[in-house]
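Reviewing the structure listed below.
The values are calculated or read from the model by the stated rules, or taken from the named source; none is laboratory data. Only a predicted model underlies this, so the values are computations on that prediction, with no experimental measurement involved. Neighbour counts are summed over all protein chains in view; Cβ atoms, including those assigned to glycine, are modelled from backbone coordinates with ideal geometry. Heads up: the accessible areas ignore ligands, DNA and RNA and are worked out on the full protein's heavy atoms, side chains in. Shrake-Rupley method; radii C 1.70, N 1.55, O 1.52, S 1.80 Å.
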Amino acid sequence: MSYAYLQELDLDEVPLCVFELGQNVRSDDTPSEEVYDTPALGSPRAVAPTSTSPLQLQEEIGVGSLVEVATDVDQHYYGVVRWIGIVDDTATAGVELEQNVSGLGDGSKGGTRLFTCAPGRALFVPLPLCRRDARFRDTPPPDRADLHETNDFEQPDCPVVPGVVPPLSSLGELAGKNRGIQGHHNSCYLDATLFAMFTFTSVFDALLYRPPEAEDSPHYSEVQRVLREEVVNPLRRHGYVRADRVMKLRTLLERLSDVPGLTSEEKDPEEFLNGLVAQILRAEPFLKLSSGQEAYCYQLFVEKDEHVSLPTVQQLLEQSFATSGVKLSEVPAAFIIQMPRFGKQYKLYQRVLPSPLLDVTDLIEGLPRQCTVCGSLARWECGECSRGAALEAGALCAACLRLTHAARPNHQATPLTVCEEFENILESCPIPRVYMELFAVLCIETSHYVAFVKAGVGHDAPWCFFDSMADRKGERNGYNIPEIVCIESLGAWLSEEGGRAPAAAPAARQLPAHARRLLADGYMCFYRSPDVAMYR
């Protein structure tokens with residue numbers, strides 16, 4: 001559609017329309033003040049001259065483009081183009097800004113709704129005044145040239161996969177070289193975390209599909225799309241994600257979150273989760289505590305017991321909750337637990353055994369519990385009785401409380417809340433226990449993260465070991481080769497009997513390599529509750 005043709009039209013009789021990327025629409029006239037809402041901190045001004053013509057600039061900008069608008073007071077507004085059309089003979093862009101600006105609207109113009117956003121974020125400006133957001137100009141394109149400058153290129157392809165792709169239910173043919181997520185520029189913290197979260201489980205899939213809300217960042221949909229269609233879906237469909245796809249996600253997170261260095265520096269999984277899950281995707285916190293606090297991960301804080309050489313995650317978790325005096329308000333769909341270590345070097349225990357099943361019955365506020373003495377419905381809880389033992393040791397019925405506390409005058413018990421509807425039923429039935437299943441363990445050794453991940457659901461499901469930088473081809477211009485290895489014996493190592501046998505070896509070198517890594521280098525354990533996840 002030519003500009004001359006637009007001039008011949010009576011625009012008062014033509015409805016506002018949206019132009020697709022690539023249409024040649026321009027205006028040589030100076031726009032009137034009514035064309036756009038004037039921001040409080042300055043008015044839009046023309047972009048500084050560049051080698052790109054205004055016409056080319058407009059052709060590069062379409063609905064969904066990340067743009068910036070400079071003002072006459074050197075204030076830059078950043079946002080996403082939500083609408084492009086003609087207003088008063090002028091090609092105009094409707095931009096949803098990253099932050100609220102006094103005086104701006106919610107996407108309506110002249111009584112007509114052109115797009116929808118939060119109040120104070122809709123800026124209408126002539127299209128020539130928009131330019132590509134400079135913060136994203138170094139985002140790697142979806143090709144291989146930026147990451148691999150070698151003529152000897154033999155990596156698998158990594159196409160974008162739109163739509164919904166379910167997680168894998170078994171390891172199948174996934175094991176081998178060039179499988180999983182390819183590492184690049186210290187990305188192992190992110191590679192291992194994403195592989196653990198999405199390959200074989202759907203417990204985090206709400207992150208991929210939640211519709212945008214008014215409070216979300218204007219870049220929410222793009223970050224979510226890149227995560228879903230360029231990382232998770234290719235991983236599930238083809239078993240391989242090339243490093244430039246991951247770099248695109250890393251670049252977005254570095255620009256949009258307050259976590260610096262995500263594209264090049266060594267980071268920890270919790271920093272990545274904070275930037276992606278908490279700040280950009282604004283997911284509901286996985287953990288809700290009785291104190292009113294919410295969290296995505298739970299850090300174990302315990303005092304070392306010199307008499308314990310190989311504690312289990314179950315023991316450490318109960319000890320940490322008993323010390324803090326708080327409980328979970330509800331059974332979480334996902335429970336991410338950080339091991340008791342500080343930094344990459346100091347470990348409270350040299351070896352920790354991940355519990356394959358985590359009993360959270362005594363950690364949930366208001367959940368029915370069994371009297372530790374007689375097995376009937378517990379009505380009281382005593383923190384002193386459970387000190388140094390399992391948390392369940394503090395759950396007592398009224399009769400057993402009187403007997404046990406007769407010789408313990410200093411113990412103070414607190415009443416437990418039991419739903420009245422179930423009191424009569426629970427008095428005559430066994431009290432059910434609530435368990436969560438271990439499905440991944442992130443490990444770190446000399447600043448490098450790897451992952452052990454359960455390839456399926458159930459006690460007998462096999463495990464695999466993932467390393468995004470297991471091998472390398474070439475030197476400076478080379479590339480990393482990710483690898484997935486099936487670990488048939490890992491289930492046996494995780495059992496109390498199987499785990500303690502190799503862990504009791506006098507020297508760590510006597511353990512199998514993967515067993516040594518699992519027990520000695522554990523950094524973060526991922527648990528899931530399939531029953532609860534169905535309703536989240």
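Miscellaneous remarks
- Any chance VAL101 is modelled with pLDDT of 85 or more, within 30 Å of the chain's Cα centre (by Cα) and surrounded by 15 or more Cβ atoms within 10 Å (Cβ to Cβ): yes
- Top-ranked residue in segment 310-347 [being modelled with pLDDT of 85 or more and open to solvent by 60 Å² or more (accessible area, probe 1.4 Å); ranked as nearest to VAL203 (Cα to Cα)]: GLU330
- Some residue of segment 497-504 being surrounded by 20 or more Cβ atoms within 10 Å (Cβ to Cβ), at pLDDT 80 or above, of a type outside the set (S, T, N, Q) and not in a loop (DSSP other than H, G, I, E, B): no
- Among residues of segment 185-202 being of a type outside the set (Ser, Thr, Tyr) and open to solvent by 30 Å² or more (accessible area, probe 1.4 Å), the one that is nearest to TYR449 (Cα to Cα) is ASN186.
- Test: SER291 is in a loop (DSSP other than H, G, I, E, B), open to solvent by 60 Å² or more (accessible area, probe 1.4 Å) and under 23 Å from PRO368 (Cβ atoms): yes
- Qualifying positions in segment 249-269 - open to solvent by 10 Å² or more (accessible area, probe 1.4 Å), over 12 Å from HIS184 (Cα atoms) and touching a residue at least 60 places away in the same chain (Cβ under 8 Å): ARG255, LYS267, ASP268
- Filtering segment 86-98 to residues that are more than 36 Å from the chain's Cα centre (by Cα) and surrounded by fewer than 19 Cβ atoms within 10 Å (Cβ to Cβ) leaves ASP88, ASP89.
- From LEU300, LEU281, residue being over 25 Å from ARG210 (Cβ atoms), open to solvent by less than 10 Å² (accessible area, probe 1.4 Å), aliphatic (A, V, I, L, M) and at pLDDT 85 or above: LEU300
- Note on segment 208-246: residues that are charged (D, E, K, R), outside any helix (DSSP H, G or I) and either open to solvent by less than 40 Å² (accessible area, probe 1.4 Å) or in contact with a Gly (Cβ under 6 Å, 6 or more places away or on another chain) (or both) total 2.
- Segment 51-85, subset farther than 22 Å from TYR220 by Cα and open to solvent by less than 20 Å² (accessible area, probe 1.4 Å), residue modelled with the lowest pLDDT: GLN58
- Any hit, segment 452-470, residues being in contact with a strand residue (DSSP E or B) (Cβ under 9 Å, 6 or more places away or on another chain), at pLDDT 85 or above and over 22 Å from LEU171 (Cβ atoms): no
- Within segment 454-468, the set of residues being surrounded by fewer than 21 Cβ atoms within 10 Å (Cβ to Cβ) and among the hydrophobic types (A, V, I, L, M, F, W, C) comprises VAL457, ALA461.
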